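The values are calculated or read from the model by the stated rules, or taken from the named source; none is laboratory data. Just so it is clear, the structure is predicted and the values come from calculations on it, not from any experiment. Virtual Cβ from ideal backbone geometry, glycine too; neighbours counted across all protein chains shown.
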Amino acid sequence: MTTPARTKSILDNIGNTPLVELTSISQDLPVPIYAKCEHMNPGGSIKDRTAISIIDDAEARGVIKPGDTLVEGTAGNTGMGLALVAAARGYRFVCVMPETMSADKRQALATLGAEIVLSKPGPLSSPNNFRNVAQRLADENGWFLTAQFQNQANPRVHELTTGPEILTQMDNNLAAFVCAAGTGGTITGVARSLKAKLPDVKVILADPVGSGLAGWVRDGAPTPNGPYSAEGIGSSTVPDTLDISIIDDALQIPDEEAIAVTKRLVREEGLVVGGSSGVNVAAAIRLAKSGDFDGPIVTVLPDSLDRYYSAEWLKSW
Ligand code: PMP
């Protein structure tokens, strides 16, 4: 066992997360599934990596300095990451989030000192859309828009950290990587890093039924829109931070399947993770069962279940 080194700041402990075999889930499968525990980041999600990467990049370019105001439109996890970085580095942070997001996330953000602006639900074409509200506030007030859906510091951090960590932890031995996309930063960056080292590795998008992204990957047009439970993933349009050309295929996961797998992760593996982890691992199970892969399948567990204790989908457990 390696003990992490003493550090100057909690921010130095973002990344370098554990990767665990899903032993109970894998026992009846022809190949094992491994999951990277991104819920163990200091802010509770994979988006801590994005937050520190965007702020480090903007500081290095001289665009921001402590005391400035940051603004972002986020379903919550990027907000938590940015709130953490803002607290530890001395920024003011304004977080725009759709009013449909869980109350738990809202409360956690406010507790960390973020100022919250709730937006009405609406597609990207609507001025009410949370991303448009954030852009407007940045323009009107001269605040720094962290722009997770456009900022290439987002996929880059996964190319430079998440992907290489997976390669090291797997001893360069994996057949496929599968995960869902919100901004697409994770899948794009990890795919770039894995394919540079292992050209035969397959990268598969896990997409909730109701999101358009699976269709964009497979046919260049969106799959039909609809409601789904998992937060922070799926989209009707392709963000700038998602490079669909690097993705080999897509799987569509219905709610019931994702929720059942989330419950298995918690109850059988002791992994206390949120709904997008269920989508990711449900897709990994399908890939393992397909018989198309003769090596391990790797995925990520993007966030922690404690963000969803008031969510409807959890009430049936
Ligand atoms: N799962 C959850 C819970 C998230 O909040 C996000 C980020 N929106 C993702 C998965 C997807 O990550 P990315 O933005 O890197 O595609």
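Worth a mention:
- Test result for Ala138, within 16 Å of the ligand (Cβ to nearest atom) and of a type in the set (A, V, I, L, M, F, W, C): no
- So Pro227, is it closer than 24 Å to Tyr309 by Cβ and either basic (Lys, Arg) or not assigned by the TED database to the domain that holds Asp104 (or both): yes
- Single match in Glu268, Glu312 (criterion: away from the ligand (no atom under 11 Å from the Cβ), acidic (Asp, Glu) and modelled with pLDDT under 95): Glu312
- When Val281, Val272 are screened for being within 22 Å of Thr17 (Cβ to Cβ), under 18 Å from the mean Cα position of the chain (by Cα) and surrounded by fewer than 19 Cβ atoms within 10 Å (Cβ to Cβ), only Val272 passes.
- Scanning segment 259-272 for residues being in contact with a Ser or Thr (Cβ under 8 Å, 6 or more places away or on another chain) and within 12 Å of Leu314 (Cβ to Cβ) gives a total of 3.
- Scan of segment 1-48 for residues that are among the basic types (Lys, Arg) and either outside any loop (DSSP other than H, G, I, E, B) or under 23 Å from the mean Cα position of the chain (by Cα) (or both), ordered by number: Lys36, Lys47
- Filtering segment 166-191 to residues that are part of a helix (DSSP H, G or I), surrounded by 19 or more Cβ atoms within 10 Å (Cβ to Cβ) and away from the ligand (no atom under 12 Å from the Cβ) leaves Ile166, Leu167.
- Checked against (1) modelled with pLDDT of 95 or more; (2) of a type in the set (Phe, Trp, Tyr); (3) within 13 Å of the ligand (Cβ to nearest atom), Tyr91 passes all but condition (3).
- Residue in segment 242-254 that is assigned to a loop (DSSP other than H, G, I, E, B) and at pLDDT below 95 present: no
- Hits in segment 297-317 - residues which are surrounded by fewer than 24 Cβ atoms within 10 Å (Cβ to Cβ), under 18 Å from the mean Cα position of the chain (by Cα) and either within 24 Å of Ile33 (Cα to Cα) or of a type in the set (A, V, I, L, M) (or both): Ser304, Leu305, Asp306
- Residues that are in a helix (DSSP H, G or I) and crowded, with 24+ Cβ neighbours inside 10 Å, drawn from segment 56-81: Asn77, Thr78, Gly79, Met80, Gly81
- Listed conditions (1) in contact with a helix residue (DSSP H, G or I) (Cβ under 9 Å, 6 or more places away or on another chain); (2) more than 14 Å from the ligand (Cβ to nearest atom) are all met by Leu242, apart from (2).
- Residues of segment 200-249 satisfying the condition of being crowded, with 23+ Cβ neighbours inside 10 Å, of a type in the set (Gly, Ala, Ser) and in contact with a Gly (Cβ under 8 Å, 6 or more places away or on another chain): Ser211, Ala230, Gly232, Gly234
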